[in-house]
Amino acid sequence: ATTNECGASQIDNLDCEVDFHQFERFREHVLCDALIACYDNNRSRFVEICCSAVENICNGAVGLEDSFQLEAALFCLSSVAMKASKTAGLVTATPASRAAYGKATTHRRKNEKSEKSMLEECTIHDEYLARCVNALAKTTGYATTNPLALAQMCRFIGKYSSWLVKSPTQGVLDAGAEVALTSFNLAGGALSDDLSAKAIIQEMSISPYAEAATALRNILSRSPSHFTTPQALVALAGGWESSYTSANANRIINIEDREALCSGICRVLASTPPGEWVASLSSLARPTIECLETVVKKADAIGAALPGGNRPEPNISLQTVLKRGGDEIRLLSKMVLVFNHAIQDNSKTLKNSENNGVGVSSKFEHPFIDVLRRTWPCLSQLAQNYSSHCAISVTLGSLLTQSVSIKDAEKDKLSILRELCCMARIVMDSIVKGTETATLSPILEFVAEVVTLHGLAAENCVITKNGSSTNYCDEARHVIEELLLITAEAVGAVVGDAWSHPKEQKQGQSPFEGSPELRRIERNSPEALSGLFTILTACIKECPVLLITMEGGQGSSWEDETMFNQSVDAAALAVNDKEVDAARSAMIFLTSLLDLIARIQREQSTNARWQKILPVVESAIKKNYDNIVLRLIFGACGNCPHEVLDPAAALLHSLILWSPADCTQATVLNALRSNTFALGNGGRAITHNVLGRVKTGSVSPSALMDFLGEIWQMHQNDDMNASVDGEAIEKLKAIYFQS
């Protein structure tokens with residue numbers, strides 16, 4: 001509680017010339033080490049002294065100076081939390097576990113501790129820490145109005161949460177949760193309204209609100225079933241409503257803090273009987289849905305008042321409103337994510353419940369379906385009118401991805417997926433046509449997730465084209481084919497020639513002869529090409545026949561080409577891309593094709609479907625073989641980011657193993673003769689030797705990775721003469737050259 005005599009406004013009147021941030025750095029990087037050393041010297045005594053100090057301070061109303069002493073004592077305990085919480089938690093462990101831990105932590109002690117002394121140490125830790133937590137739950141005064149003390153209280157609870165859920169001390173877990181929840185409500189309420197407290201919070205590296213949210217998440221996530229009582233659920237509902245009150249009042253609260261609280265509460269709700277999930281999740285989502293409805297109304301009103309209607313030029317007020325809308329969509333994503341995990345974890349329980357007639361049948365409905373139906377009008381309007389804004393496109397993409405696994409028990413399996421795909425198409429179209437800085441990446445993650453979950457069913461439909469397939473398989477194929485077509489068109493629109501027309505060099509011309517500059521993807525979605533190759537890699541894994549036999553879409557910029565051939569051509573061009581993710585994902589896609597060829601060669605005698613696609617895959621690789629190998633060696637000559645060397649080596653290794661020996665030799669010699677390779681005749685001989693031995697199987701992919709790393713590093717040398725003529729070549733030869 002706050003009073004005139006006990007308010008945060010008095011804190012800034014203290015005479016102190018110490019720089020706050022400098023003080024924080026000293027604590028974290030110097031004082032912490034000293035405290036850990038003190039703790040290791042006498043663990044039980046350290047905990048006893050610090051916890052007793054907290055108890056004594058909290059016995060009465062905490063004064064201003066007392067609050068700083070309390071903060072200091074709690075900081076000492078938080079500094080040793082990793083070790084102290086482990087020790088306290090062992091009070092309920094087996095003697096063998098305590099003995100093992102005691103042995104592992106006696107490196108600073110002369111003698112190993114006995115079981116009796118270890119149990120005594122664990123008991124002292126548990127007893128004093130429990131007394132400390134109970135004292136904090138009862139404290140008043142400046143302990144709850146000094147932002148520094150409040151944040152340290154919550155940090156202490158969060159760091160000791162692993163012990164709290166194990167402690168045999170009656171009521172200590174509830175006391176810890178009470179401290180965190182009360183602090184959460186205070187930080188978002190009265191404390192945020194005090195101007196002096198706000199000024200202090202703005203200086204802090206982590207706010208009391210963030211510390212409280214983290215502590216709550218840690219406790220609720222570690223022992224969710226403990227908080228499923230009606231009283232606990234009512235208290236958590238109050239905290240959830242409080243977070244909206246704070247957010248609506250523009251108080252100091254971040255979406256990350258609200259996500260942390262949301263995650264913890266969802267884990268508690270997911271621990272209730274499955275039959276209660278729909279009602280509890282709908283209740284949790286109610287303020288989120290109401291906020292989204294308000295966001296849509298405000299955004300439309302702002303848009304209508306400006307030139308351009310609902311799609312105005314960048315506007316601060318509109319961006320603020322849309323950011324809030326994006327935050328609410330993030331919370332919806334967190335809800336569905338937690339319940340997706342809960343459904344997976346409880347799948348056996350659900351099956352047993354059905355068999356036992358408990359009420360969970362084969363028509364069990366994902367608890368998020370009701371929330372999705374209620375939010376769909378708002379989400380659709382945001383997608384249609386505002387997904388060119390990054391705040392909406394990113395969060396919508398994440399929500400769509402998390403929702404892919406949702407099925408409607410009353411309809412066919414893919415009824416909801418079709419709606420999700422329609423929204424994804426709207427978002428892609430809006431991003432392509434928009435003038436804002438929205439990104440395709442989250443929507444491409446959605447497409448990849450669809451392929452991962454439903455690609456096998458779509459593949460079965462292609463395989464049994466002349467036979468029989470289920471309606472689900474037919475629909476899965478239709479959905480994935482349509483998604484792939486619209487995705488390719490959208491990516492082509494934002495990355496241009498990198499996808500639609502890979503004509504950077506003339507046919508038969510090497511990267512060295514054309515002297516191409518390494519290309520950066522331009523326009524507003526530089527990661528789009530990477531996302532597309534990730535989707536294609538998922539297709540090769542889940543539905544290769546569908547992708548490889550799929551034709552270009554009518555009216556597309558590449559309708560005369562198959563999508564597969566276009567993909568391989570684009571990937572060959574992208575292996576030298578300056579965008580690390582684009583280059584890496586292109587290499588991984590090409591490597592997956594070579595893995596597919598190896599798999600086909602192993603299984604084609606018993607699997608007829610491979611007969612149809614093997615020539616197509618080999619033809620596409622053969623067409624681009626020289627270009628890819630030349631580009632990979634070009635990159636290893638210091639012309640690619642170091643981060644892509646490992647996937648480059650893996651791809652080069654697979655290419656050499658696949659190709660005829662004479663073909664490999666000619667291509668490699670062509671690359672090594674270029675001016676780009678600057679290690680002289682000695683370096684050429686070593687490189688030629690290593691790549692030749694890849695074909696015989698005497699050089700592993702990891703060894704080739706190491707070798708390309710050495711070559712790349714030598715090309716970074718400012719004095720290339722030293723690299724060519726010095727000891728570096730001799731050292732390289734000694735390690736890698738074999739006659």
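Side notes on the structure shown:
Residues are listed down the side, and each one gets a yes or a no for (1) at pLDDT below 90; (2) crowded, with 16+ Cβ neighbours inside 10 Å:
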position	(1), (2)
Ile265	no, yes
Ala279	no, no
Ser283	no, no
Gly303	yes, yes
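- The residues of region 225-238 that are of a type in the set (Val, Ile, Thr) and either under 17 Å from Thr214 (Cβ atoms) or surrounded by 14 or more Cβ atoms within 10 Å (Cβ to Cβ) (or both) amount to a single one, Thr228.
- Ser167 meets the conditions (1) of a type in the set (Gly, Ala, Ser); (2) touching a residue at least 60 places away in the same chain (Cβ under 8 Å); (3) more than 16 Å from Glu48 (Cα to Cα); (4) surrounded by fewer than 21 Cβ atoms within 10 Å (Cβ to Cβ) in every case but one. The failed one is (4).
- Segments classed as helices (runs of 4 or more DSSP H), wholly inside region 619-707, with at least 3 members that are in contact (Cβ under 8 Å) with a residue 60 or more places away in the chain and surrounded by 16 or more Cβ atoms within 10 Å (Cβ to Cβ): 645-658
- Residue that is in a helix (DSSP H, G or I), under 25 Å from Gly188 (Cβ atoms) and either among the aromatic types (Phe, Trp, Tyr) or at pLDDT 90 or above (or both), where the choices are Phe68, Phe23, Phe46: Phe68
- Some residue of region 146-162 being within 18 Å of Ala93 (Cα to Cα) and either surrounded by fewer than 24 Cβ atoms within 10 Å (Cβ to Cβ) or at pLDDT below 95 (or both): yes
- Phe634 being more than 26 Å from Ser592 (Cβ to Cβ), modelled with pLDDT of 85 or more and aromatic (Phe, Trp, Tyr): no
- One residue alone among Glu203, Glu178, Glu241 is surrounded by fewer than 22 Cβ atoms within 10 Å (Cβ to Cβ) and farther than 24 Å from Leu331 by Cα, and that residue is Glu203.
- Residue check for Ser592: polar (S, T, N, Q), under 23 Å from Cys539 (Cα atoms) and within 29 Å of the chain's Cα centre (by Cα): yes
- Taking region 463-558 and the helices (runs of 4 or more DSSP H) fully enclosed by it, the elements with 3 or more residues that are crowded, with 17+ Cβ neighbours inside 10 Å, at pLDDT 90 or above and touching a helix residue (DSSP H, G or I) at 6+ places or on another chain (Cβ under 6 Å) are at 471-495, 528-542, 544-549.
The values are calculated or read from the model by the stated rules, or taken from the named source; none is laboratory data. Please read these numbers as outputs of a predicted model, since none were measured by experiment. Glycine also receives a Cβ, built like all others from the backbone with ideal geometry; neighbour counts cover every protein chain displayed.
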